[in-house]
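Heads up, the thing below is written out as structure tokens.
The values are calculated or read from the model by the stated rules, or taken from the named source; none is laboratory data. None of these values were measured; they are calculated from a predicted model. Cβ atoms come from the backbone with ideal geometry, glycine included; neighbour counts cover every protein chain shown. Heads up: the accessible areas ignore ligands, DNA and RNA and are worked out on the full protein's heavy atoms, side chains in. Shrake-Rupley method; radii C 1.70, N 1.55, O 1.52, S 1.80 Å.
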Amino acid sequence: LAQVLAQDSRASAVSSPRGNMSLDARKSLDSVKKVVSSIFNRPLQHREAPQELDPEVSDFDIDDPDDPALSPSDNLLRRCDSMFIAMSSFELSREFPEVEINPRLVFDNPCIESLAQAIHSLPPSTSGDLGKLHGSNRAGSGGSVVSLTDRIRPFTQLMDASQDADEAAEAEMAFAQKIQTMRKGPLHSPSAGDCYFRCTDGMECVLLPGGWVRIGTDSDPEALEDEGPSHNMELSSFLVDIEPVSIGAFVRFLNMVKPSRDVLLDWCLLEEDDDRTSHVPLLETADGWKAKPGVPLSWPMILVSWYGANAYSLWAHGQDWHSYKSAAQSFLPTEAQWEYAARGPEPARFPWGDAEATPELLKVCWDMSVYDGESHVSTPLEKLPLVAVNVQLGMSPFGLRHMAGNVWQWCRDTYHPNFYLSSDASLRDAFNSEDGPMKSERGGSWVGPASLARSSSRRGRAPEAKGRCLGFRCAAPSSLLEDLSTTAGSEVSL
């Protein structure tokens, strides 16, 4: 099971055609393949954005070994960065308007041959349906039990090519970096329904509608004093990551920004005398940072401080990460955004409603005697009971994964137990921006009981703190979608 959960689901297997071919009969599979190959290859040869293509008159020859930089069987995800994939997806959409094409299609069919076959067999385009994409909203504890292997969703977060043992690391990294400097495009590209892909790291994001929401609780018997009073507030619409940021994605971030040793100690490394050093999931090599052997790249990033989480959030949104110690600009969710994203506009104990927590719904510690005191310190890193971020557990009404359990998640706010008593907590898009010694975290984890995974549960830690049960996800205002010329500046990011 661990191997299955650790798999990078971006395999190049091709599904059988679904029903009748929807593309015009004149467009043979070979012509589709020619267009796909031209879109992905021409920018590499001519160093310019792809133009409108006519496969009947194009002088591009997919069969000429001296022509394509990418052969039909090359894995696109190992050779191209997310910006290139997103922009190429737009070009594919313009070439094949009869069908619905988004970056997910490339992630699921990551070579020219399989992508062309997938496009050729697509049904006629229909509008996306968020409910169909993510399944039912409020899931109770009843019904048939679904195995974790059946809950694995496509893993779209981009990772360094150097993480793949089947590729020559240096050649692949050089290729990907060359492509990245060639192209700029929108920060987010549309997917199905209210979903978007963030082009800097491949993260799928969900657009949550704004409106009046109720935050906190007055009635939960397990609630602590800092969870109330319950209050109404208005939230603007915003984007939120569908899952926590993975180890693989964080490694890629480190290899792109190349922080100093002091900065790394701020973010994700521990001093040598810290007894948790064996659980740091990162390893520095001559070729850059990698995940330690045996550590699934799809696990959530752990032992990352608020500083490290904030730095990633800035970088992922095209901003200067050097100001990572300040919350003045941050793309971490506020506590209010996080709670709304977890359970919806009305109070509920958990993301799935008020039904009791069960192992089929979330990953927490079901036997606290196993992890009390220091007993889990000796557990090998690869044996920690973490779950891959793309496994459907802790599901929110919006289709977000791990909004309860697995790892705690940093929020933008300064934590104060009495913040909800202040009038500021009821302002539009409120968050605690005051200076203070602690930052907020939400969601519960594999270390603690289910009661800490309730949607209103709050607590705080010092921003430099790092935990084996602590990760993060990003959020961003929906205004980033209003101007599609918004770009992730590679000069700043690198």
Criterion violated by Ser433 - all others in (1) modelled with pLDDT of 95 or more; (2) under 28 Å from Thr156 (Cβ atoms) satisfied: (2)
Could you grab me the full set of residues in the range 178-205 that are touching a Ser or Thr at 6+ places or on another chain (Cβ under 9 Å), at pLDDT 85 or above and closer than 21 Å to His402 by Cα? Tyr196, Phe197, Arg198, Asp201, Gly202, Met203, Glu204, Cys205
Do we find a residue being free of Cβ contacts under 8 Å to residues at least 40 places away in the same chain and surrounded by fewer than 23 Cβ atoms within 10 Å (Cβ to Cβ) anywhere in the range 221-243? yes
Just to check your reading of the model, which residue among Arg214, Arg261, Arg198, Arg252 is loosely packed, with under 14 Cβ neighbours inside 10 Å and basic (Lys, Arg)? Arg261
Is it fair to say Gly318 is on the phi > 0 side of the Ramachandran plot, in contact (Cβ under 8 Å) with a residue 60 or more places away in the chain and open to solvent by less than 50 Å² (accessible area, probe 1.4 Å)? yes
Just one listed residue, out of Leu452, Leu393, Leu427, is modelled with pLDDT of 95 or more and either open to solvent by less than 50 Å² (accessible area, probe 1.4 Å) or touching a Lys or Arg at 6+ places or on another chain (Cβ under 6 Å) (or both), and it is Leu393
Please find, within the range 351-376, the residue that is surrounded by the fewest Cβ atoms within 10 Å (Cβ to Cβ) out of those that are modelled with pLDDT of 90 or more and farther than 20 Å from Ala388 by Cα. Glu356
I'd like the full set of residues that are open to solvent by 30 Å² or more (accessible area, probe 1.4 Å) and modelled with pLDDT of 80 or more, limited to the range 94-119. Glu113, Gln117
